[in-house]
Amino acid sequence: MSTDPTVYNHTGSGPARGRIRVLQLYPRDMNIYGDWGNLLTLARRGQWHGYDVELHSYNPGDEMPQEVDLVLGGGGQDSGQERIKDDLVQIGPRLRQWAADGVPMLVICGLYQLFGHRFVTGERSEIPGIGLLDAETVAGSGRLIGNIVLDSPEFGRVVGYENHSGLTTLGPGAEPLGTVRSGAGNNGKDGAEGARFKHVIGTYLHGPILPKNPAVADWLLQRAVELRSGAWDPLPIDDADARRASNVAASRPR
């Protein structure tokens, strides 16, 4: 089955500058630790920049949209990963093609893991990934929990909250989102956090990540608009509240 999209109309006067189609993957099973806030942030910032934002949701058994401009996916427990793993493998070719075509994507925690090659659980069973990101994850013996601060060459300081037991290692086909300044990151050892490939970002940062890091949100929106129309002319947004939230999060101990 499929559901009608939710449309957030632009907030300015006159016609919209365009429409951004956002697809949220598996909101029923992969949506914990505030990850829904990433979707709302993209919707609001898209509106403020003068665009209509069309939100689609996809759960196992739904009909996939033929075309989208931006893809989001959240985190989930091992049980959630088990419920969506077969469906994700089925839609994997379309996601890989979208990524090759330049569609921007942000996937968090559990879906970050399954966008890699595989996730080996604590019971040593293997959940296959779709290989969109050159990364592998193995369950660790403890949890990596707390506030985290990254230095990103693209976005500057990035802050968030990590809570994961999976230990992710990147292959040569992926670059990290950033270098850990404070926190554990992908595995607590190599100083890397997240993964990037083309316009795809995978990360363990909850919080959710986008409200406190508007540069990442606008980067995703810019890539989506450029994919469709080739022109990105953002309107000014007062990000004082976002900066304060980011500063508070960065100052808190783990």
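Coordinate-derived values only; no laboratory data. What you are looking at is a predicted structure, and each value in this text was computed from that prediction instead of being measured. Heads up, the Cβs are rebuilt from the backbone with ideal geometry, glycines too, and the neighbour counts pull from every protein chain shown.
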- Task: Name the residue, out of V149, V159, V103, that is of a type in the set (V, I, T), under 26 Å from S229 (Cβ atoms) and touching a residue at least 60 places away in the same chain (Cβ under 8 Å).
- Result: V103
- Could you list all residues from the range 98-128 that are small (G, A, S) and closer than 18 Å to E175 by Cβ? A99, A100, G102, G116
- Message: Being more than 29 Å from A16 (Cα to Cα) and either surrounded by 22 or more Cβ atoms within 10 Å (Cβ to Cβ) or free of Cβ contacts under 8 Å to residues at least 40 places away in the same chain (or both) is true for just one of Q47, Q97, Q66, Q81. Which residue is that?
- Response: Q81
- Query: Quick one: in the range 188-234, which of the residues that are farther than 13 Å from G46 by Cα and of a type in the set (S, T, N, Q) is nearest to the chain's Cα centre (by Cα)?
  - Reply: T203
- Query: Does P15 count as touching a residue at least 40 places away in the same chain (Cβ under 8 Å) and on the phi < 0 side of the Ramachandran plot?
  - Reply: no
- Note on the structure: Over the range 11-28, the set of residues part of a loop (DSSP other than H, G, I, E, B) and crowded, with 21+ Cβ neighbours inside 10 Å is Y26
- Considering each residue of the range 166-208, count those that are touching a helix residue (DSSP H, G or I) at 6+ places or on another chain (Cβ under 9 Å) and of a type in the set (G, A, S), and give that number. 6
